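Beneath this line is the structure, given in structure tokens, with notes to follow.
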Amino acid sequence: MSTHTRIKPSEYHDSVTLMLVAKALLELPGVEDAAVVMGTPANRELIAAAGLLTDAAAAGRPDDLVIVVRAADEAAGQAALAQADALLAARAVTTTTAAERPKSLASAIAATPDANLAVISVAGRYAAQEARTALERGLHVLLFSDNVPLDEEISLKQLAAERGLLCMGPDAGTAIINGVALGFANAVPRGRVGLVSASGTGLQGVTCGLARRGAGVSQAIGTGGRDLSEAVGGPMMLAGLRALQDDPETDVIVLISKPPAPAVAARVLGQIQASAKPAVVCFLGADPLPIEAACGLHVANLTQAAAAAAALACGERPEDALAQLEQESLALIPLAAAEQRKLRPGQTALRGLFAGGTFCYEAQLILRALPEPVYSNAPLDKSRALDSVGAGFPRPDHICLDLGGDEFTQGRLHPMMDPALRNRRIIEEARDPATAVILLDIVLGYGAHPDPAGVAAEAIREAQQIAAADGRHIIFIAAVCGTEADPQPLNQQEATLRDAGVLVQPDNAAAARLAGLITQAMHGEGRRTKDEGPRTED
Amino acid sequence: MTGRALASFRSVCDLATDAGEVVALVWGAVGNGPLNVVLNRGLEVVVPAGARFAVMGQVLRVGEVVVDLSRAARWDARPDWERLRARRGAVVAAARAAQRSIAGLREQRLLKQAGPAVAAAVTAFQQAWRQTPRTDLQSAIRDLRPATCNLCGLGPGLTPAGDDWLAGWLLGQHLGGDLRGLVDLEGLIIKIAAGRTTTLARAFLECAAAGEADEAWHELFDALAQEDANQQSDKSANQQTNESVNQRTSAAMARIMRHGATSGAAMLAGFFSAVEMLASIEN
């Protein structure tokens, strides 16, 4: 282990630049710790506390930029310092030469007078004001921002309805309008399936599932997670649904959400009945009866939604597509049995580490089939909330974490953009001798990390080394949400994971089901409390 | 007068004289500020860090850039503190309402983003401030010194977040006026900053200690004072005005938060912390 220092006298960069460079250094191979700060006494004390204060760093002055790297060896340390130089130089060029961008909505509209949609991503308090301005100027809105007050959301959506416009969001992370991907979206082909979704990753999951099956998207409309609450009343789900029912380019409609408030669900289902266009309804965890009574096609998860909609778009029977999925899931049983033999007695825990909130939710729905409860920071019901496990009680065996939750993203980028937090969790879970299965989602597309599988694979290899040193093996299961046309091609990403020994499944539902089958078998064997065959029930 | 360029950004070129004074050439949306020379258009070339500059007569030259200062108008960087203090109770109430309106947003997350050390140092400073006796200023100054030393120069960036927070806190103290021993405290912070932070951060702290602030802060103070005035008048008659004033407050806070990568947000956090302390003193 060696510590390397670079002092750059009188070099100034903004704080975000320095934090990003430090983070980039930490992700380099062989780098254990790094600091990139101005050489003020307070910062020198900070790096001293981290064990990084070299003689050169200690001699730094407040106006000096101090870079310190602790690395496995000399080569890794020098490479990191060179990388820091390059990154800082690149940031400086970006800062000083980037093309002038509009500074306000008004100047953006002036620069692009033909635009008919505004994407708004500013702090929630200001987002509502910007969205209102955009709607008043006759623009549809994709409101990416969260933390918009509920009353503001209601008011904005009323205004949009009065003007015949869409107000997608707040907290709408994904949309595809006229073939243009907005927010976190994937490069999917155009086609005859239109979607309205209260879930960003749900929309990504289904649009990618359609692409896998050769079907394309006419429009994909995000509503924001609160749209179907009783307070908001589902105005954008209804507006999007009506727009797709009227759209001659759309033959099949898919609706995606967690279970809506009952009164809102009734309105949405009533609107489905008002049109002859087939509608696939994926209200995750909802009662199928009212949906079927409204002539909607109820599906239990995102994969089924994609399969059923693709079948309808191709003039095939959706029932056959769903039956085919069931058939395919049977192949997981022998695979689970084979994998389970690689585990040691006592390895009984399933740990799901998700970047996508809806993937976490969907996995929990599938894992309800397990005899043991699955806990989460974003649970299906409050009794399974992680913080409901009292101090002094053992950690639950089965945990699914939504790493995009507020408690994990305070002051951080979302895990779809920055996988560092999940990588650390992977290593932590590997140190737990009870861990049997680690379940992951890898989300590709615009806005996502340029190589999410690559960075996950590094952590997975390290985790397996930790487990192997203890005579254990950990089963990694992942599903990749993406397409070949994404900036991170799907096949390459999947191959990277397979090379790291990951069991790559075609979708999140299959991945969760396989994880459940293996875990259930280990519980049956390890604890001798159950003697049941593996179940594949949703 | 001669000096060198410290750093160039999208709309700012920071210069430091050989005597250690900071001047910022700014353009675009940045606007007036205690250190700013506002240009009517952006520089056409990037001034590299370290480039020498000279001011001869009314002309500033840095590399190929020539700035004619002869037609520059002087701008008063001090908000109307007397007017604000005269309405202090109500302005503090309006500021607290403004803070609540953005609770949990960027200005608070900033401190977490800057790292746990900054958040811990801020907490230590706040605790030290609350515990200091209000009658014995010398003891107060002595007790606050360690917490101030911890905060000054702490955090990444050309103006460390700890200094930004302190600058905002100092502006809040100006609103407090004679409630505490402001002059002594200003002196303490400036003395500590002289050896513990960057040239640029020290310059910002000196401005804040002198009660000087950027144009965006003037807008915020005006908006807060106006909210106070509106609250005193007939609500039904002024409903429309109240709405626009709320938007002015929001717009001013948004403009402050656009200052630097994180500096404006950290200053707001410091200001709101001072406002909370003022409220507790007055109560």
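The values are calculated or read from the model by the stated rules, or taken from the named source; none is laboratory data. Computed from a predicted structure; not experimentally measured. Heads up, the Cβs are rebuilt from the backbone with ideal geometry, glycines too, and the neighbour counts pull from every protein chain shown. SASA here: full protein model, heavy atoms, side chains in, ligands and nucleic acids out. Shrake-Rupley method; radii C 1.70, N 1.55, O 1.52, S 1.80 Å.
Overview of results
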read-out: Residue in region A:91-110 that is within 29 Å of the chain's Cα centre (by Cα), more than 25 Å from B:A16 (Cβ to Cβ) and either modelled with pLDDT of 85 or more or more than 11 Å from every other protein chain (Cβ to nearest Cβ) (or both) present; value: yes
read-out: Helices (runs of 4 or more DSSP H) wholly inside region A:272-371 that include at least 1 residues being open to solvent by 40 Å² or more (accessible area, probe 1.4 Å); value: A:288-293, A:302-313, A:318-330, A:332-340
read-out: Given (1) open to solvent by less than 70 Å² (accessible area, probe 1.4 Å); (2) within 14 Å of chain A (Cβ to nearest Cβ), index of the condition B:R52 fails; value: (1)
read-out: Boolean, A:K342 is of a type outside the set (S, T, Y) and in contact with a helix residue (DSSP H, G or I) (Cβ under 9 Å, 6 or more places away or on another chain); value: no
read-out: Given (1) over 19 Å from the mean Cα position of the chain (by Cα); (2) at pLDDT below 85, number of the condition B:A119 does not satisfy; value: (1)
read-out: Residues of region A:21-47 satisfying the condition of being open to solvent by 50 Å² or more (accessible area, probe 1.4 Å) and more than 36 Å from the chain's Cα centre (by Cα); value: A:R44, A:E45
read-out: Residue count for region B:85-99, restricted to those that are closer than 19 Å to B:I256 by Cα and open to solvent by less than 40 Å² (accessible area, probe 1.4 Å); value: 6
read-out: Residue tally, condition in contact with a Gly (Cβ under 6 Å, 6 or more places away or on another chain) and open to solvent by 10 Å² or more (accessible area, probe 1.4 Å), over region B:259-281; value: 1
read-out: Pairs with Cβ under 8 Å, 6+ apart, first in region B:145-156 and closer than 18 Å to A:M38 by Cα and assigned by TED's automatic domain parsing to the domain that holds B:L188, second among the hydrophobic types (A, V, I, L, M, F, W, C) and not in a helix (DSSP H, G or I); value: B:G153/A:M38; B:G155/A:V37; B:G155/B:A114; B:P156/A:V36; B:P156/A:V37; B:P156/A:M38; B:P156/B:A114
read-out: Selection within region B:6-17 - within 13 Å of chain A (Cβ to nearest Cβ) and under 18 Å from B:T197 (Cα atoms); value: B:L6, B:A7, B:D14, B:L15, B:A16
read-out: Sole exception among (1) without any contact (Cβ under 8 Å) to a residue 60 or more places away in the chain; (2) open to solvent by less than 20 Å² (accessible area, probe 1.4 Å); (3) in a loop (DSSP other than H, G, I, E, B) for A:V264, by number; value: (3)
read-out: Subset of region B:13-30 (residues that are more than 20 Å from B:A54 (Cβ to Cβ) and either surrounded by fewer than 18 Cβ atoms within 10 Å (Cβ to Cβ) or in contact with a Phe, Trp or Tyr (Cβ under 9 Å, 6 or more places away or on another chain) (or both)); value: B:G28, B:A29
read-out: Flag if A:D397 is in contact (Cβ under 8 Å) with a residue 12 or more places away in the chain and over 30 Å from A:V16 (Cβ atoms); value: yes
read-out: Residues of region B:254-264 classified as at the interface with chain A (Cβ under 8 Å from one of its Cβ atoms) and not hydroxyl-bearing (S, T, Y), total; value: 4
read-out: Of all residues in region B:23-49 being modelled with pLDDT of 90 or more and under 20 Å from A:T17 (Cβ atoms), the one that is farthest from the other protein chains (Cβ to nearest Cβ); value: B:V26
read-out: Sole residue being out of contact with any Leu (no Cβ under 7 Å at 6 or more places or on another chain) and of a type outside the set (D, E, K, R), chosen from A:V37, A:V69, A:V21, A:V16; value: A:V16
read-out: Residue selected from region A:1-20 under the condition hydrophobic (A, V, I, L, M, F, W, C) and surrounded by fewer than 23 Cβ atoms within 10 Å (Cβ to Cβ), by the criterion farthest from A:A75 (Cα to Cα); value: A:V16
read-out: Enumeration of residues in region A:294-308 that are touching a residue at least 24 places away in the same chain (Cβ under 8 Å) and farther than 18 Å from A:G234 by Cβ; value: A:A300, A:N301, A:L302, A:T303, A:Q304, A:A305, A:A306, A:A307, A:A308
read-out: Matching residues, region A:245-275, being under 20 Å from A:G357 (Cβ atoms), modelled with pLDDT of 95 or more and touching a strand residue (DSSP E or B) at 6+ places or on another chain (Cβ under 9 Å); value: A:V254, A:L255, A:I256, A:S257, A:P260
read-out: Every residue from region A:123-163 that is among the small types (G, A, S), open to solvent by 10 Å² or more (accessible area, probe 1.4 Å) and touching a residue at least 60 places away in the same chain (Cβ under 8 Å); value: A:A161
